[in-house]
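Quick note: the coordinates plus some simple rules give every number you see, no bench work behind them. Computed from a prediction, not measured in an experiment: that's the story for all the values here. When we count neighbours, we look across all protein chains shown, and the Cβ atoms used for this are built from the backbone with ideal geometry, even at glycine.
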Amino acid sequence: MDTDGCVFTHRYKSKGKWYSYKKLYFTSLSKPLLNSFFRDRARGELQTQMLLSWLDDQDFGTPVVLVTHQVNITGLTNVYPRSGEVVILRLGDGSEFKVLGTIAPPQEVPQSQ
């Protein structure tokens, strides 16, 4: 997915049975905060602080996947991911992130001629 948004697990109970499914979610509240500030680095610090504040206000309840850009990830974590690399984080107290790991992007396979 090459866009801004998040994926989360939606859970509900019906007739005594629990159901869950993955849900793709875009919101006007988070999307601008997940946009890249690569072309306007001057807004980077403010945008990062606003994103931290927004995250701190959320009660996700389940793991959430946020899709964003390298400059945002680096601003939040001081991790510099490669293009396509996934950074797995846990948000702790005081908007502090713990890096749990990374997933390398798929290796490009040279096409035969």
Task: Members of the stretch 40-64 found to be surrounded by 10 or more Cβ atoms within 10 Å (Cβ to Cβ) and among the hydrophobic types (A, V, I, L, M, F, W, C), listed by number - done: LEU46, MET50, LEU51, LEU52, TRP54, LEU55, PHE60, VAL64
TODO: Scan the stretch 65-85 for residues that are loosely packed, with under 14 Cβ neighbours inside 10 Å and of a type in the set (D, E, K, R) and jot them down.
DONE: ARG82
